[in-house]
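The values are calculated or read from the model by the stated rules, or taken from the named source; none is laboratory data. Model, not experiment: these values are computed from the prediction. FYI the Cβ positions are ideal-geometry reconstructions off the backbone, even for glycines, and counts take in every protein chain you see.
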Amino acid sequence: MESEPAILALAALAQSTRMDVFRLLVKHEPEGLAAGDIAKALAVPQNTMSSHLAVLSRAGLVSAQRFSRSIVYRADLARFQEVMLFMLRDCCDGRPEICAPLVESLTPCCPPKPKRRAHV
C-alpha cells in the first residue's frame, strides 16, 4: 500500500461520527446495515450520514450495495487490514521488537472455536 490511500483512510476515520459508523458496520459484518438504520442508530440526520458514508466509501473503508430502495453498507475489513498492516510495517522498520507488544495485544480475546469433525 502506498502512503496516499493510507492517509485517505486514516483521515476518513479521524472524525468521530465516521469512526462510529465504521465501528458499527464492523459489528454488523457480514450482513451490513442500511443507510437509514445507520443514521437512526447513531442519531445523525440522513443527509449528514450520506456525506459521512461517501467519505468512508471514497477511502475504501465501506462498500455499498443497492437492494430495492435501500442501500446496504458494509465495512471493508480487507482494506482496513491493509491500512493497519501498512502502519505496522512502516513503524517497525524491520525491527519486530518494536511492534511485538502491539501485535501481542491484538491477539483476540475470543479465539475461534475449533471446528467439529463430521462423523462418517
Let me spell it out: the conditions are (1) surrounded by 15 or more Cβ atoms within 10 Å (Cβ to Cβ); (2) closer than 22 Å to residue 3 by Cα, and residue 89 meets all of them except one. Which number is the exception? (1)
Going residue by residue through the range 68-83, is there one that turns out to be in contact with a strand residue (DSSP E or B) (Cβ under 6 Å, 6 or more places away or on another chain), within 27 Å of residue 104 (Cα to Cα) and among the charged types (D, E, K, R)? yes
Could you give every pair whose Cβ atoms fall below 7 Å, whose first residue belongs to the range 27-40 and is closer than 19 Å to residue 68 by Cβ, and whose second residue is buried (at least 19 other Cβ atoms within 10 Å of the Cβ) and not aliphatic (A, V, I, L, M), counting only separations of at least 6 or pairs across chains? 32/73; 33/73; 35/73; 38/73
Of residues in the range 44-82 being aliphatic (A, V, I, L, M) and assigned to a helix (DSSP H, G or I), the one surrounded by the fewest Cβ atoms within 10 Å (Cβ to Cβ): 78
Residue within the range 1-23 that is exposed (fewer than 12 other Cβ atoms within 10 Å of the Cβ) and at pLDDT below 90 present: yes
The number of residues in the range 4-43 that are in contact with a helix residue (DSSP H, G or I) (Cβ under 8 Å, 6 or more places away or on another chain) and not in a loop (DSSP other than H, G, I, E, B) is 23
